[in-house]
Amino acid sequence: MKIAVLKETAAGERRVSATPETVKKFIALGAEVAVEAGAGATASFDDAGFAAVGAKVGSRAEVLADADILLGVQGPAPDALKGIKSGAWLAAGLNPFGERARVDDYAALGIEALAMEFMPRITRAQSMDILSSQSNLAGYKAVLDAAGEYGRAFPMMMTAAGTISAAKVFVMGVGVAGLQAIATARRLGAQVSATDVRSATKEQIQSLGAKPIFVENVAGIEGEGSGGYATEMSDEYKAAQAELVSSHIAKQDIVITTALIPGRPAPRLISDAQIASMRPGSVIVDLAVESGGNVEGAVAGEVVEKHGVKIVGHRNVSSRLASDASALFARNLYNFLSAFWDKEVGKPVLDEEIGNAIRLTQGGKVVNERLLG
Ligand code: NAD
């Protein structure tokens, strides 16, 4: 059983899908591990560290030769996988909706592509969930990015020269990233408020010492769909939300948006007019910018200024904390493969519930329901 760790090739991707810690554990399970030279360099894991725990470090061709399982953070370009063993597994974040054509290419290569972001949200798979591990870091980093762009301090400071008031931070979308953004902004001393369409988040917001800002008395406000994800809201709800947000946002210094709806473009939460109502020098961070954006005028990969307000649209925010993000991503992959490791056959064997959820291709065909439906 040979596990291959590929060097990421996507622009701006700094993470790596294995660390010396997880390689050591795979070897303890009885696997052979080959790491592409330089794979961990941008995440501060050098080749020597991988070699020290028993990995073979080599060229891409050497690493791919006879590999049974390929690990990646993002999906590798299918062209770069020519010669791969038929039936080999590829376990990575494959962005199946965004990179749909690639899924066909993986099928044509005869590999089993396993999309880690399709991991079901069930208790036993929590430790395998790359969306949670990466969103948590992105929520933290979004607040630091906002603080970096903000020309004022976050905490209230009473100094001999006078008092500085605390920054007001508003978090829109209180999933994994939003909760961490609230906690981080609180740690920095900001006055924090937050909103979501799922009413279950109200208590979570309060438990972190922030103020919930919620649309009340509108029919069908419960925005929770399957797996704890949000659903698209009614027009009536959207209008009530826009009105509430308008009056609140004008008083905020920092806004962090994280709202996503699986398989759909991100909901638009902040309009140009709302941006214009904010104080010059305010900062908005749009964590959903790569999924269509929550903020009008946000540009993926750029920090733009509108009406004196900076709108931060960094791509791949977890990769901006490459070392920790890699460590957690690598553990997600290890937790996944080791949970299914069959000692007798010396390889992982997936069960139906998780296998059917994450498997995109098998036997030369696209097999995943969410892509076929
Ligand atoms: P997400 O990344 O899909 O979306 C981010 C947040 O945006 C969500 O809270 C969503 O409700 C919110 N949102 C969507 N539309 C909105 C709108 N119009 N206005 C305001 N907010 C809007 O969410 P997530 O981080 O994946 O978390 C979703 C839920 O799943 C959470 O309750 C989380 O705790 C849960 N979860 C469970 C597991 C597990 O059990 N394995 C793992 C991860 C997350």
*asked:* I'm checking my understanding of the structure. Among residues of segment 253-281 that are of a type in the set (S, T, N, Q) and either surrounded by 19 or more Cβ atoms within 10 Å (Cβ to Cβ) or closer than 17 Å to ALA185 by Cβ (or both), which one is nearest to the ligand (Cβ to nearest atom)?
replied: THR258
_Could you list, ordered by first residue, the pairs with Cβ atoms under 7 Å in which the first is in segment 109-137 and touching a residue at least 60 places away in the same chain (Cβ under 8 Å) and the second is among the acidic types (Asp, Glu) and surrounded by 16 or more Cβ atoms within 10 Å (Cβ to Cβ), at least 6 apart or interchain?_
MET119/ASP129; ILE130/GLU117; LEU137/ASP324
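Where residues in segment 1-46 are of a type in the set (Val, Ile, Thr) and part of a loop (DSSP other than H, G, I, E, B), which of them is nearest to TRP341 (Cα to Cα)?
By that ranking, first place goes to THR19.
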*Can you name every residue in segment 3-16 that is under 19 Å from GLY49 (Cα atoms) and either out of contact with any Pro (no Cβ under 6 Å at 6 or more places or on another chain) or not assigned by TED's automatic domain parsing to the domain that holds LEU70 (or both)?*
ILE3, ALA4, VAL5, LYS7, GLU8, ARG14, ARG15, VAL16
*Please determine, by comparing only the residues of segment 294-351 that are modelled with pLDDT under 95, part of a loop (DSSP other than H, G, I, E, B) and not hydrophobic (A, V, I, L, M, F, W, C), which one is farthest from the chain's Cα centre (by Cα).*
GLU344
*Qualifying residues in segment 1-30 (those that are polar (S, T, N, Q) and crowded, with 17+ Cβ neighbours inside 10 Å) - the one nearest to the chain's Cα centre (by Cα)*: SER17
*Going through segment 271-293 one residue at a time, which ones are in contact with a helix residue (DSSP H, G or I) (Cβ under 7 Å, 6 or more places away or on another chain) and either modelled with pLDDT under 95 or not in a strand (DSSP E or B) (or both)?*
GLN274, SER277, MET278, LEU287
*Any idea how many residues of segment 177-207 are within 13 Å of the ligand (Cβ to nearest atom) and part of a loop (DSSP other than H, G, I, E, B)?*
5
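Suppose we keep only residues that are buried (at least 22 other Cβ atoms within 10 Å of the Cβ) and outside any loop (DSSP other than H, G, I, E, B) within segment 155-171. Which one would you say is farthest from the ligand (Cβ to nearest atom)?
Residues of segment 155-171 that are buried (at least 22 other Cβ atoms within 10 Å of the Cβ), as a first pass: 167, 169-171.
The next check asks that each one be outside any loop (DSSP other than H, G, I, E, B); those that pass are 169-171.
On the way: VAL169: 16, PHE170: 11, VAL171: 10 Å.
Once the filter is applied, the top-ranked residue is VAL169.
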*Would segment 87-95 turn up any residue that is buried (at least 17 other Cβ atoms within 10 Å of the Cβ), out of contact with any Gly (no Cβ under 7 Å at 6 or more places or on another chain) and in the same structural domain as VAL192 (by TED's automatic domain parsing)?*
no
*How about segment 294-309: which of its residues are buried (at least 19 other Cβ atoms within 10 Å of the Cβ) and touching a helix residue (DSSP H, G or I) at 6+ places or on another chain (Cβ under 7 Å)?*
ALA298, VAL309
*Which numbered condition TYR140 fails, given (1) within 14 Å of the ligand (Cβ to nearest atom); (2) over 27 Å from LEU371 (Cβ atoms); (3) more than 15 Å from the chain's Cα centre (by Cα); (4) not β-branched (Val, Ile, Thr)*: (3)
*Do we find a residue being more than 13 Å from the ligand (Cβ to nearest atom), of a type outside the set (A, V, I, L, M), surrounded by 16 or more Cβ atoms within 10 Å (Cβ to Cβ) and at pLDDT 95 or above anywhere in segment 228-250?*
no
*asked:* Condition check: within 16 Å of the chain's Cα centre (by Cα) and either near the ligand (Cβ under 9 Å from one of its atoms) or in a loop (DSSP other than H, G, I, E, B) (or both). Does VAL174 satisfy that?
replied: yes
*Could you tell me which of the residues GLU36, GLU62 is over 25 Å from SER133 (Cβ atoms) and acidic (Asp, Glu)?*
GLU62
_Yes/no for ALA55 being surrounded by 15 or more Cβ atoms within 10 Å (Cβ to Cβ) and under 25 Å from the mean Cα position of the chain (by Cα)_ = no
*asked:* Among the listed residues SER323, SER318, identify the single one that is buried (at least 20 other Cβ atoms within 10 Å of the Cβ), in contact with a helix residue (DSSP H, G or I) (Cβ under 6 Å, 6 or more places away or on another chain) and in contact (Cβ under 8 Å) with a residue 24 or more places away in the chain.
replied: SER318
*Would you check if ALA142 is crowded, with 24+ Cβ neighbours inside 10 Å, in a helix (DSSP H, G or I) and in contact with a His (Cβ under 9 Å, 6 or more places away or on another chain)?*
yes
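The values are calculated or read from the model by the stated rules, or taken from the named source; none is laboratory data. Predicted model, so just to flag it, every value in this text is computed and none were measured. Because the Cβ atoms are built from the backbone with ideal geometry, glycine has one as well, and the counts that use them run over all protein chains shown.
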